[in-house]
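One structure is given here, and the rest of the page talks about it.
Laboratory data are not the source of any read-out in this text; all were calculated from the coordinates shown. The shown structure was predicted, so the numbers you read here are calculated from the model rather than taken from an experiment. Because the Cβ atoms are built from the backbone with ideal geometry, glycine has one as well, and the counts that use them run over all protein chains shown.
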């Protein structure tokens, strides 16, 4: 049935059809350069992520804060001032989409414009200016920064999705409907995740303001050297390492799933893998840790987990090219699942010897790891 000019537009914008998609196919298409500029303008969003109670201390200068420390971590695995990354590495050709690691300077690696100069220095001084020790405060600060960065990214994605919504200009009606349906799907998922992260961030802010960190639990793996792969992210695991279901994500914004913060970094030549979660979101995270410790090689399984779940990854060029070509292809295929490749394997355990981490100890804060 033909849509009337004054009826609500079919795309769900809430606007009248005549003000929205009527004759959209005759509009000037969005310039490709505009699309690339929008997609690559990661630093267009600037905000200080300090708790609201500290905003009166903010400086006007928003800096490029590192989610993985440059001096204590990235420098350890750099070669001529560069590391390899998978962040924003999607390339296109006539036949397919492909993801390959690229070099990035450690001054730019892992940065986001998410803190003012004062709070980036004052909040994180205990983990940036001193040798890392496994304490509740230090582990909290590492996890807090990953939460701030993840929320920053999701807010940035919202802006990009709003731009993509208009890329159906000049397209036929079939393409218009496809673009709008994809936008609706992606935007709904992003809005739900953003809402979840705001809740987690508010819980972290509350802990910081009260100087009481018992509401956050940590499992810390200590390594005998700097990890060859470093990362910082917040993930919502749905499966354990054996492929068993941990949780199902709901479209109800009031049903917040369990999230895990994962940070891989080094300090004074010692490596750390820090897994953190809110006490109120412990169920899936504890089961995931139990599953991990049942694997034959937790270190190699964690490497698979990181490539499967995280985009914000940085790794040693020497380590990467010392892997066999088969192993490099395997890791890129795992990373590409859901992006350029279909998901084909939900089991994260591996018999590969990837040698990214050499775990020598495990420490728990906020819970008894012997119960895992």
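Roughly how tilted is helix 298-309, in degrees to the nearest 10 and between 0 and 90, from the longest Cα axis of the chain? Between helix and principal axis, roughly 20 degrees. Against the longest alpha carbon principal axis of the chain, how many degrees, from 0 to 90 and to the nearest 10, is the axis of helix 325-336 turned? Between helix and principal axis, roughly 50 degrees.
If contacts are Cα pairs under 8 angstrom and at least 6 residues apart, what is the relative contact order of the chain in percent? Provide the component values of the computation, followed by the final result.
Numbers: 616 pairs, mean separation 72.3, N = 372.
Result for the chain is 19 percent.
Could you tell me whether region 207-351 comes out rounded, prolate or oblate from its Cα gyration tensor? Rule is a ≥ b ≥ c as square roots of the eigenvalues, rounded for a/c under 1.5, then prolate if a/b exceeds b/c, otherwise oblate. Because a/c hits 1.5 or more and a/b fails to exceed b/c, region 207-351 counts as oblate. Pick from 110, 210, 316: which is most flexible by mean-square fluctuation in a GNM of the chain where alpha carbon atoms under 10 Å apart are linked? Comparing 110, 210, 316 in a Gaussian network model of the chain, the most mobile one is 210. Once the Cβ-Cβ distance between residue 202 and residue 2 is put in as r, and R0 is 45 Å, what FRET efficiency do you end up with, to the nearest 0.05? According to the calculation, E is roughly 0.40.
Between the Cα long axis of helix 173-210 and the first principal axis of the chain there is an angle of about 40°, rounded to the nearest 10.
Note on 330, 15, 261: ascending count of other Cβ atoms within 10 Å places them as 15, 330, 261, the fewest first. Between the beta carbons of residue 162 and residue 130, assuming R0 = 35 Å, the FRET efficiency works out to 0.25 to the nearest 0.05.
Reported to the nearest whole Å, the Cα centre-to-centre distance from region 48-77 to region 303-333 is 27. As a calculated quantity, the FRET efficiency between residue 79 and residue 337 at R0 = 22 Å, using C-beta atoms, amounts to about 0.20.
Centre-to-centre separation between the Cα atoms of region 232-299 and those of region 127-157: 16 Å. Neighbour counting of Cβ atoms within 10 Å sorts the residues 313, 360, 134, fewest neighbours leading, into 360, 134, 313.
Among (1) 24.6, 99; (2) 21.9, 69; (3) 22.4, 76, find the value of Rg and Dmax of the Cα atoms in Å that was calculated from the structure presented, and write down its label. It is the one labelled (2). Under a Gaussian network description of the chain, with springs only between Cα atoms under 10 Å, the residue in 24, 206, 328 that fluctuates furthest is 24.
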